[in-house]
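**Q** Dumping the structure here so I can ask a few things about it.
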Amino acid sequence: MDFLAEAKKIEPEIIRTRRALHQHPELSYHEVWTSKFVSDRLEALGIHVRRGVGGNGVVGTLKGGVDGKVVALRADMDALPITEAADVGFRSKIDGVMHACGHDTHMAMLLGAAEILARAQAELHGTVKFLFQPAEEHGGRGGALPMIEDGAMLDPKVDYVFGLHIDGDRKAGEFGVRGGPVMAAPDTFKIRIEGRGGHGSAPHKTIDPVYIAANVILGLQGISSRMMDPVRPFVITVGSVHAGTKENIIPDYAELEGTIRTLDEATRKSAKRKVAGVVGGLCRSFGGSAHVEFEADAYPVTVNDPKTTERAVKVLQRIRGTRVKRMEPILGGEDFSRFLQKSPGTFYFLGAANPAKGCVYPNHSSKFKADEDVLKYGAASLAMLAFEFGSQGTPR
Ligand SMILES: [Zn+2]
Ligand SMILES: [Zn+2]
């Protein structure tokens, strides 16, 4: 079966779907319209649909005509709190909300794959599960975990899971793949530094939390340069600093917020310990005290199964008009990681950058614009992965 030819046949529909979704973006945990949209589409294709899975999640199940493995394909559904500034004729109709991460393209490509697979049902081995996930951008519990807790990966139990992300930094038509860790654990932290406030003219009678905060910000960078193994990626960023109300008042406390990114659990644990240690030590040395808190339930490292990834590469290499490129890890976070903790699979990328069409802005930019010509490749790739992995180990 020529999946790319099938995808080309429905290309105008995939693009129409994408634009409809693009105009109705919804924030994490509010994907009500979107969830109904994809559910109705799946049902129209004759696919069994379970709505309200772990919140606004949707699970479609398509049983093939021949026995085989269970393959799950995932698309995320939420948008970002950004006012769209992209030069497109189908701009967001919701003020201050935009599909700037391209999750609209993910849904359109997965619905395209669903249509192709539904038509090939008789020849399809095994079962395909279509996972439409809410709240990927939220962090913390996100959307994958509630869906898993609500049984999305069971009944039937998923053997392989695949997820595709559109990439505004990658050339249109280029797939990015990597076995092993591909995205980071994004751990956010809050630090509250307690001092003792007073008059700005008499710092010796106070414990100045602003001065301590300045030392803490510098000290934290010393963790990456002096305390962590330099061949294991580790990034720490303080992105928010709050203290004080007026120039001549030394405040009682200062608050910092930031994030650390790591690619393996051992580095992650040791980094968190060192952050707490350095902050506590610096604060004490200046007479203050600190409270360091890491967000519970942060996304784990996204780890692609190397063997599954290599098999997937062979499938992707058959798609005419595309290239498959090995990629370096990205230090963003993804809660597709949680599906990968349940079943082997791979999270891969599809480039949508095309300077000739003005598609030059990265994901999360207010001007993010994807080259829609690549959507057919994404739809074909998802359908092919489901088809090929469904028949793994099954005599033909
Ligand atoms: Zn995003
Ligand atoms: Zn995303």
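**Q** Do you know which residues across the stretch 152-182 are open to solvent by less than 20 Å² (accessible area, probe 1.4 Å), part of a loop (DSSP other than H, G, I, E, B) and under 28 Å from ASP67 (Cα atoms)?
**A** Of everything in the stretch 152-182, those that are open to solvent by less than 20 Å² (accessible area, probe 1.4 Å), part of a loop (DSSP other than H, G, I, E, B) and under 28 Å from ASP67 (Cα atoms) turn out to be ALA152, MET153, VAL158.
**Q** Tell me the residue from GLY287, GLY244, GLY280 that is open to solvent by less than 20 Å² (accessible area, probe 1.4 Å) and over 26 Å from the mean Cα position of the chain (by Cα), please.
**A** Just a single option satisfies the conditions, and that option is GLY280.
A quick yes/no check of all residues on (1) in contact with a Leu (Cβ under 7 Å, 6 or more places away or on another chain); (2) of a type in the set (S, T, N, Q); (3) within 21 Å of LEU375 (Cα to Cα); (4) more than 16 Å from ligand 1 (Cβ to nearest atom):
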residue	(1), (2), (3), (4)
ALA113	yes, no, yes, yes
ILE116	no, no, yes, yes
ALA120	no, no, yes, yes
PHE130	yes, no, yes, yes
GLN133	no, yes, yes, no
GLU137	yes, no, no, no
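**Q** Next question. When you scan the stretch 115-132, do you find a residue that is in contact (Cβ under 8 Å) with a residue 24 or more places away in the chain, part of a helix (DSSP H, G or I) and within 16 Å of ligand 2 (Cβ to nearest atom), even just one?
**A** Within the stretch 115-132, none of the residues are in contact (Cβ under 8 Å) with a residue 24 or more places away in the chain, part of a helix (DSSP H, G or I) and within 16 Å of ligand 2 (Cβ to nearest atom).
Here's the yes/no breakdown for (1) of a type in the set (A, V, I, L, M); (2) in contact with a helix residue (DSSP H, G or I) (Cβ under 8 Å, 6 or more places away or on another chain); (3) under 22 Å from ALA380 (Cβ atoms):
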residue	(1), (2), (3)
GLU328	no, no, no
LYS342	no, yes, no
TYR348	no, yes, yes
GLY351	no, yes, yes
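**Q** Only one of ALA108, ALA7 is assigned to a helix (DSSP H, G or I), more than 24 Å from GLY139 (Cα to Cα) and either at pLDDT 95 or above or within 18 Å of the chain's Cα centre (by Cα) (or both). Can you tell me which?
**A** From the options ALA108, ALA7, the qualifying one is ALA7.
**Q** Within the group PHE389, PHE339, which residue is open to solvent by less than 20 Å² (accessible area, probe 1.4 Å), hydrophobic (A, V, I, L, M, F, W, C), more than 16 Å from ligand 1 (Cβ to nearest atom) and over 29 Å from PRO186 (Cα atoms)?
**A** The match here is PHE389.
**Q** Another question about this same structure. In the stretch 328-365, which residue that is closer than 22 Å to ALA312 by Cβ and basic (Lys, Arg) is farthest from ligand 2 (Cβ to nearest atom)?
**A** Within the stretch 328-365, the match that is farthest from ligand 2 (Cβ to nearest atom) is LYS342.
**Q** Does LEU110 fit the bill of being surrounded by fewer than 24 Cβ atoms within 10 Å (Cβ to Cβ) and within 16 Å of ligand 2 (Cβ to nearest atom)?
**A** Criteria not met by LEU110.
**Q** Is at least one residue of the stretch 307-326 more than 27 Å from GLN121 (Cα to Cα), in contact (Cβ under 8 Å) with a residue 24 or more places away in the chain and within 16 Å of ligand 2 (Cβ to nearest atom)?
**A** Looking through the stretch 307-326, none of the residues is more than 27 Å from GLN121 (Cα to Cα), in contact (Cβ under 8 Å) with a residue 24 or more places away in the chain and within 16 Å of ligand 2 (Cβ to nearest atom).
**Q** Residues in the stretch 76-85: is at least one part of a strand (DSSP E or B), under 19 Å from MET153 (Cα atoms), among the charged types (D, E, K, R) and open to solvent by 10 Å² or more (accessible area, probe 1.4 Å)?
**A** Checking the stretch 76-85: not a single residue is part of a strand (DSSP E or B), under 19 Å from MET153 (Cα atoms), among the charged types (D, E, K, R) and open to solvent by 10 Å² or more (accessible area, probe 1.4 Å).
**Q** Write out, first by first residue and then by second, each pair whose Cβ atoms fall under 6 Å of each other, whose residues are 6+ apart or on separate chains, and whose first residue, in the stretch 36-53, is of a type in the set (Ser, Thr, Tyr) while the second is open to solvent by 90 Å² or more (accessible area, probe 1.4 Å).
**A** From residues that are of a type in the set (Ser, Thr, Tyr), the pairs are SER39/ARG51.
**Q** Using beta carbons and a limit of 6 Å, which pairs, at least six apart or on different chains, have the first residue in the stretch 198-219 and surrounded by 15 or more Cβ atoms within 10 Å (Cβ to Cβ) and the second one of a type in the set (D, E, K, R)?
**A** Within 6 Å, the pairs are GLY198/LYS205; THR206/ARG196; ILE207/ARG196.
The values are calculated or read from the model by the stated rules, or taken from the named source; none is laboratory data. These numbers come from a predicted model, not from an experiment. Using ideal geometry, Cβ is built from the backbone for each residue, glycine included, and neighbour counts are taken over all protein chains shown. Surface areas here come from the heavy atoms of the whole protein model, side chains and all, with no ligands, DNA or RNA. Shrake-Rupley method; radii C 1.70, N 1.55, O 1.52, S 1.80 Å.
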